[in-house]
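For reference, the structure discussed in these notes is given below.
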There are 2 protein chains.
Amino acid sequence: MRQTSDIREMTGYALAKVCKAHRSSVGELLGRIGLHAGQEMVLVELWRQDRLRVCELAGRLGVEPPTATRMIQRLEGCGLVVRQRDPDDARSFRVSLTEKGRSLEESVTRCWNEVEEKAFAGISQEECRGLRDLLTRIRNNLETGMG
Amino acid sequence: MRQTSDIREMTGYALAKVCKAHRSSVGELLGRIGLHAGQEMVLVELWRQDRLRVCELAGRLGVEPPTATRMIQRLEGCGLVVRQRDPDDARSFRVSLTEKGRSLEESVTRCWNEVEEKAFAGISQEECRGLRDLLTRIRNNLETGMG
DNA sequence: CAAAAGCATTTAGCTGGCTAAATATATTAT
DNA sequence: ATAATATATTTAGCCAGCTAAATGCTTTTG
């Protein structure tokens, strides 16, 4: 059994605390280039593949459509992305990077790398790989059978 | 070097995704007992030690004081906690659990245990312990030298 | 071909997070 | 004692998340 009466002893609790620290660290660095924590994820997806629909973006980000809509509106307000009607489906919009949005890739990656360096200092490549594998398994466990 | 040009390959990225899934899973179960994700953390701290000041609570939760203030206001609105002036310091409030707040411990713990079971299915006690150790080291890395 | 069902997006309103700034009390230094 | 500084809390306003519900277009069905 994995039952515990103290939430603070659970592995999920440790996970949540680490994640908060990570997001906070990334957020601080992103703030210097005018982004809020979470916004860079939209850019990450668009750097990989441009002209995504709002719902595709929401799916890849793992957020609900209304969340994606508002993030896109704000990123559009900052001039990082543009929305264009989909010629094949009048319901959809295609979200594309602007030159300004594309140009942020390097600095955002630098922010993430900096946090990565700090977070995993003193942790071997071996341990990191094992960790990533474990995290993948956990994520699969959590995401199967819902959403 | 740990440098990568693709954020999606970073361990921190895997961490963030797992954490989102975890919070989402916990949040779904908490919703059934009338709580939002994150609110249970306030209760966790108060179950451990009651009559904490707002700033102590913020410190233990790892959030800023204004965030703690509003969470407490809402929990007070739900009748789960009460604020009482600190007799020794007129600036401070002491936050205490109500009977209703105290009574939630069992069901909140059940929610977390349920997610724990699901998240770590097929993962040994050994692996879990190693994971917790690693997460502790990462958290220490991230939290030293800031906030 | 018209009605029904489904899908993409948005709006409204709630919550947890943040920073900056205001308020009030304590403490410390002069 | 008074002034300056520090601390505790709150307010206002921003952002990322969510759900429920509205809108408008597509597709399917009868």
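The values are calculated or read from the model by the stated rules, or taken from the named source; none is laboratory data. Treat the numbers as computed from the prediction; the structure is a model and nothing was measured. With ideal geometry, Cβ positions are generated from the backbone for all residues, glycine too; neighbour counts draw on all protein chains shown. Just the protein is used for accessible areas: all its heavy atoms, side chains included, with ligands, DNA and RNA removed. Shrake-Rupley method; radii C 1.70, N 1.55, O 1.52, S 1.80 Å.
Find the cysteines in chain A that fail to meet the 4.7 Å Cβ criterion with every other cysteine, and list them.
Cys with no partner Cβ under 4.7 Å: A:C55, A:C78, A:C111, A:C128.
Residues with amide H under 5 Å of A:V81's amide H, sequence separation 5 or more or different chain, H placed in the peptide plane at 1.01 Å from N; which?
Hits under the 5 Å cutoff: A:E76, A:T98.
Which of the lysines could be linked to B:K20 by a straight reach, that is with a Cα gap under 18 Å, when you skip same-chain ones fewer than 8 residues away?
Straight-distance partners of B:K20: A:K17, A:K20, B:K118.
To confirm my reading of the symmetry, which residue of chain A has the Cβ nearest the axis that brings A onto B, and what whole-Å distance does it have?
Reported as residue, whole Å: A:C19, 2.
For A:I123, B:I33, give me the order by solvent-accessible area with a 1.4 Å probe, most accessible first, ignoring ligands, DNA and RNA. Present the calculation step by step, with values, prior to reporting the outcome.
Working: A:I123 10, B:I33 55 Å².
The most accessible residue leads, giving B:I33, A:I123.
Could you tell me the total accessible area buried at the A-B interface, probe 1.4 Å, in square angstrom to the nearest hundred?
Values: alone 10810 and 10820 Å², together 15370 Å².
In total, chains A and B hide about 6300 Å² from solvent.
Which of the aspartates and glutamates could a cross-linker bridge to B:K100, judged by Cα under 20 Å and excluding same-chain residues fewer than eight apart?
Within the straight-line limit of under 20 Å, B:K100 reaches these aspartates and glutamates: A:D6, B:E40, B:E45, B:D50, B:E76.
Between A:T136 and A:I123, what is the label-point separation in nm under the 7 Å Cα-to-beta-carbon projection?
1.6
Using a label point 7 Å beyond Cα on the Cα-Cβ vector, give me the inter-copy distances for B:R91 in nanometres, one decimal, shortest first.
Shortest to longest, the spacings are 5.7 nm.
By accessible area of protein heavy atoms, probe 1.4 Å, what ranking do A:K100, A:K20 get, highest first?
Details: A:K100 115, A:K20 90 Å².
Order by accessible area, largest first: A:K100, A:K20.
Report, please, the projected area of the protein assembly as shown averaged over directions, based on the convex hull of its C-alpha atoms, in nm². Mind dumping the intermediate values first?
Working: hull surface 70.6 nm².
With the hull built on Cα positions only, its mean projection is 17.6 nm².
Can you figure out the FRET efficiency of A:E114 with B:E56, using R₀ = 30 Å and their beta-carbon distance, to the nearest 0.05?
Numbers: r = 31 Å, r/R0 = 1.04.
After rounding, the FRET efficiency stands at 0.45.
Relative to 2.2 N^0.38 Å, what does the C-alpha radius of gyration of segment A:19-69 come to as a ratio? Two decimals please. Write down the numbers at each step before the final one.
On the way: Rg = 11.8 Å, N = 51, 2.2 N^0.38 = 9.8 Å.
My calculation over the Cα atoms of segment A:19-69 gives 1.20.
Run the numbers for B:Q3 and B:E143: contour at 0.36 nm per residue of separation, minus the present Cα-Cα distance, in nm. Display every interim value, and only then the final one.
Working: separation 140, 0.36 × 140 = 50.40 nm, distance 2.11 nm.
This chain segment gains 48.3 nm when fully extended.
Taking amide H positions as placed 1.01 Å from N in the peptide plane, with prolines and chain starts having none, which residues 5 or more places from B:R53, or on another chain, fall under 5 Å of its amide H?
Here the answer is B:V95, since their amide H atoms fall under 5 Å of that of B:R53.
Among A:L135, A:L97, A:L57, determine the one that fluctuates most according to a GNM of chain A built with springs between C-alpha atoms less than 10 Å apart.
Judging by the Gaussian network model, the answer is A:L135.
Would you compute, for the Cα atoms of segment B:96-146, the largest minus smallest coordinate along each principal axis and list the three values in descending order, in whole Å?
38, 36, 12
Which residue, B:A21, B:A58, B:A121, has the most motion in a Gaussian network model of chain B that connects Cα atoms within less than 10 Å?
So, out of B:A21, B:A58, B:A121, the one fluctuating most is B:A121.
Quick one: with all protein chains in place, what share of the accessible area of segment B:7-110 is carbon or sulfur, to the nearest percent (1.4 Å probe)? If you can, show how the numbers build up before the last one.
Working: 2510 of 5250 Å².
Carbon and sulfur atoms account for 48 percent of the accessible area of segment B:7-110.
Using each residue's phi in segment A:122-133, evaluate 6.51 cos²θ - 1.76 cosθ + 1.60 at θ = phi - 60° and report the 3J(HN,Hα) Karplus result to the nearest Hz, with x for Gly and Pro.
x, 10, 6, 4, 4, 4, 5, 5, x, 4, 4, 4
With N set to the residue count of segment B:7-110, report its C-alpha Rg divided by 2.2 N^0.38 Å to two decimal places. Write down the numbers at each step before the final one.
Values: Rg = 15.5 Å, N = 104, 2.2 N^0.38 = 12.8 Å.
In units of the globular-protein estimate, segment B:7-110 measures up at 1.21.
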